[in-house]
Each structure stands twice: as C-alpha cells, then as structure tokens.
Amino acid sequence: MENKKNLIKQDPEVTKIINKEAKRQSEELEFIASENYVSPAIMEAMGSVLTNKYSEGYPGSRYYGGNAVVDEIENLAIERAKKLFSAEHVNVQPLSGSPANAAVYFAFLKPGDKVMGLKLDHGGHLSHGHPVNFSGMLYNFVQYELDSKTGRVDMEKVREVALRERPKMIVAGYSAYSREIDWAGFKKIADEIGAVTFADIAHTAGLIAAGLLENPVPIFDVISTTTHKTLRGPRGAIVMCKEKFAKQVDRAVFPGMQGGPHDHITAAKAVAFGEALQPEFKVYAEQVIKNATAMAEEFLQRGYRVVSGGTDNHLLVVDMTSKGITGKECEIVLEKIGISVSRSTIPNDPNPPMNPSGVRFGTPAATTRGMKESEIKQVVSWIDDAINDRNEDFKLESLKEEVKNLCSKFPVPGIKL
Ligand SMILES: *Cc1c(COP(=O)(O)O)cnc(C)c1O
C-alpha cells in the first residue's frame, strides 16, 4: 500500500479503512462521470506542510504574517490557470464547486434576484436553483429546458424564456449533459436583456483546457469550475472572470463566503494545472472522448436509448427503462459486479428523482487507468449481461471476477496493493 508508516503506527483503525478503499478503487471500475484518479504528485502536494498555514486575504495583502512562501504558490496556481483557460482573472481559493458558485451569485446578485438556469431534472446542478439548496432558497430561479425530442438545449426556447423573464443572470454548464454548449448563443441572448453570463464548467473543464470543447472563458462574464473532475486535480474549485469583475469576485470569495484558503490544495491545483498544460494531457482528454463515444455506440447497438443519441464529451445518459429496469435498480446491480455508476434523471422523466429512469456513465477515470475503446466495449457487454441476468447471483459473481481481472491489468496511478 502507500507509504504511510506514521499513520499505520499511530492509528491502525483509520489506516485499515483507507486501505480498504484503496483496494476497492483498484479492484473495481469507476464510471461515475464526476470522478477521476489524481497523480501521485498531486497526492503528495495535498499531503504537504502547506496545510499548516493560515493565509486569509490574497497574495501581497494577507491578514496573517509569514505568507511570503504561500504567496508564491498561489501566484503560480493563478498564472497556470490563466494560461490554461486564457482567463483575464482567476481566483484559486474556492473550496469546492458549490462554494465557488455561491461566491459567483454573491458577487453579482442580491437575494431575491432572478436567475435563469437549466431545469434540474434535465441535467442542471443542485447549486443551479434546486429548492433544497441555498441557491434555490436565496435566489428566484426560472428554468429553461432541453428539447424532449433531441435531448439538447433548445436555444429558441432559451431566448423565449429569457425575453419573458428578464433574469439578471443566465447560467449554462451542466452535470449530466453530453453535448456541446452554444456559449456564443447564450451570450447573444444575455446581451439582449443585459444579463450576466455565468458558465459552470465543473464537468468539462479538462476537455476545454485540452482544446477539445469550446472554451466559454473568453466569451462569458464569469466562469466556475471544480478542479477534481475531468481536470483531474485535487478536490476544489476556481472562479474565472473578466478583469473588470476581478474585485467583486475576489471579495465575494473572501471575505464574502470563505475564511482561510486551503494552501496545500492550492499547491495541488498548481500541480494539476501544470499537468493539464502538457501535451500528454491532450492525448488523455482525446481518449476520454473516444471512450465515451465508443460506450454510447455500444449501448445503442445493444438496443439501449441514449439521451440525445450519443455524446460530444466524457459522459452519456442511458435510459434504462428501454430495458425494463430503472436507473436505481441498474446502479445496484452494477455495484454487485464492481462497477460504480450514478443514477440520473432523463429529460421529462416519468419516474421520481430518487428512482429515475437513467444512468449516467463517464469515462475520465477508466481512461486515466489506460483503458481504450476495446476495454470500454467489453465493459458495456458485461453491463448488458448483468442487466439481463440481474436475478442470477452466480452470473453476477462471475461478471465480478471478470471486472476484477480487467482491473488488475490497468492499475490506478499511485495505488500499490
Ligand atoms: C460537480 C458540480 C458542481 C459542484 O461541485 P462540488 O465540488 O461537489 O460542490 C457544481 N456544478 C456542476 C455543474 C457540477 O457538475
């Protein structure tokens, strides 16, 4: 296992649990679209002495002493992120995606202001106005939808809702949407009503950084992203914006939303941005898309309905009711054979959110292990078998062995058992 000699000695109880998770990660397959495996270098930066520091404020103006070194790491992370996304201004302090989005709303809106976002069960995120989330409680969200036939954003309807509702902000960028987003189209509509444009690229940031999907950063006013999904960095987030919004965004992050930044995570973000700037990262991101495309094709060939008919990015949503099973049932069956996925609603889902019709699959993690189209197609055939033979325990047992066997040939970076 990893080199944790102090932890083993001091706290065998915690060590045992961590090792159990390492074993699970290495013997099972991850197809949850929001997950990935960080490099050992990123892991080491996260486990560094920078966690000992307090550094409220920003480089050059901190509220604590002893921050000259921390300033260096934060500036390096900022410079790399600027280069990666062609951003005018970057704040690297947000602790995660939801706090980053809270800061964005806080920077541009007052409680009660109207915001337009994608309907949640059409692929939006909790922090885009769900009634149980702060966003839905504090702001007045109105919603646009996907076209139920094409499964894609219908820009005509977006314009219609925008002109009727006149929101102060328009949000684009989603959690379960497999197609390119027409950033320029959104910007044009927003300009007609003077709305702020906010892109949440949490899911696709790595593919955008690699130049494989269109980059909203030069087009939109403000952009947030997590750093731990396709971008393959530590858990965390950043906010980017035009220079003219820099002050209000920085003030919203600190002292508006957060206290001290997590400097060890800032260092790990800098390492991740450094990795994403390398040519190898582009090769990785290309393979992520090739694998997702292969996965969609294989599901289609086996008679499954894929929302929107395919994918342009790292994920796909499959309507499992086309095989007489719900998304939740499918999630449970696949867990039995060592494949992790997440249930998902489909546009205009007739089933309730806790037991929706779809399953979302993503290829970033499997691609990090080195898997290519042929392995992905093999996995889909096992998924199909598991669904068809879901009541035959011995069949599921043997599929679990197949999965474990494949995993042994594609080790997770940094995990040695
Ligand atoms: C994952 C995600 C987030 C939130 O990320 P957390 O780090 O889990 O808070 C925000 N927006 C979108 C679109 C996401 O997919």
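For Asp191, which of the numbered conditions (1) farther than 23 Å from Ile265 by Cα; (2) under 23 Å from the mean Cα position of the chain (by Cα) fails to hold?
(2)
Report the residue count in the range 218-233 for those that are away from the ligand (no atom under 11 Å from the Cβ) and within 19 Å of Val171 (Cα to Cα).
Adding up the residues that qualify gives 6.
Does Ala100 qualify as being within 15 Å of the ligand (Cβ to nearest atom) and either in a helix (DSSP H, G or I) or assigned by TED's automatic domain parsing to the domain that holds Gly327 (or both)?
Here the answer is yes, as Ala100 does meet what is asked.
If you scan the range 59-88, which residues turn out to be outside any helix (DSSP H, G or I), small (Gly, Ala, Ser) and more than 21 Å from Gly233 (Cβ to Cβ)?
Of everything in the range 59-88, those that are outside any helix (DSSP H, G or I), small (Gly, Ala, Ser) and more than 21 Å from Gly233 (Cβ to Cβ) turn out to be Gly60, Ser61, Gly65, Gly66.
Given (1) closer than 22 Å to Ala176 by Cα; (2) away from the ligand (no atom under 13 Å from the Cβ), where does Gly236 come up short, assuming only one miss?
(2)
For Pro255, only one of the following conditions fails: (1) crowded, with 24+ Cβ neighbours inside 10 Å; (2) more than 13 Å from the ligand (Cβ to nearest atom). What is its number?
Going through the list (1) crowded, with 24+ Cβ neighbours inside 10 Å; (2) more than 13 Å from the ligand (Cβ to nearest atom), Pro255 breaks only (1).
Just to confirm my filter: which helices (runs of 4 or more DSSP H) fall fully inside the range 107-208 and include at least 2 residues that are touching a His at 6+ places or on another chain (Cβ under 6 Å) and either away from the ligand (no atom under 11 Å from the Cβ) or aromatic (Phe, Trp, Tyr) (or both)?
Helices (runs of 4 or more DSSP H) meeting the threshold: none at all.
Please verify whether the range 376-394 includes one or more residues that are without any contact (Cβ under 8 Å) to a residue 60 or more places away in the chain, surrounded by fewer than 17 Cβ atoms within 10 Å (Cβ to Cβ) and among the small types (Gly, Ala, Ser).
No.
Residue-by-condition table, conditions (1) hydrophobic (A, V, I, L, M, F, W, C); (2) free of Cβ contacts under 8 Å to residues at least 24 places away in the same chain; (3) surrounded by fewer than 23 Cβ atoms within 10 Å (Cβ to Cβ):
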{"position": "Met295", "(1), (2), (3)": "yes, no, no"}
{"position": "Arg302", "(1), (2), (3)": "no, no, yes"}
{"position": "Lys328", "(1), (2), (3)": "no, no, yes"}
{"position": "Leu334", "(1), (2), (3)": "yes, no, no"}
{"position": "Arg343", "(1), (2), (3)": "no, yes, yes"}
{"position": "Asn355", "(1), (2), (3)": "no, no, yes"}
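The values are calculated or read from the model by the stated rules, or taken from the named source; none is laboratory data. A quick note: this is a predicted structure, and the numbers were derived from the prediction, not measured. So basically every Cβ, Gly included, is an ideal-geometry build from the backbone, and we count neighbours across all protein chains shown.
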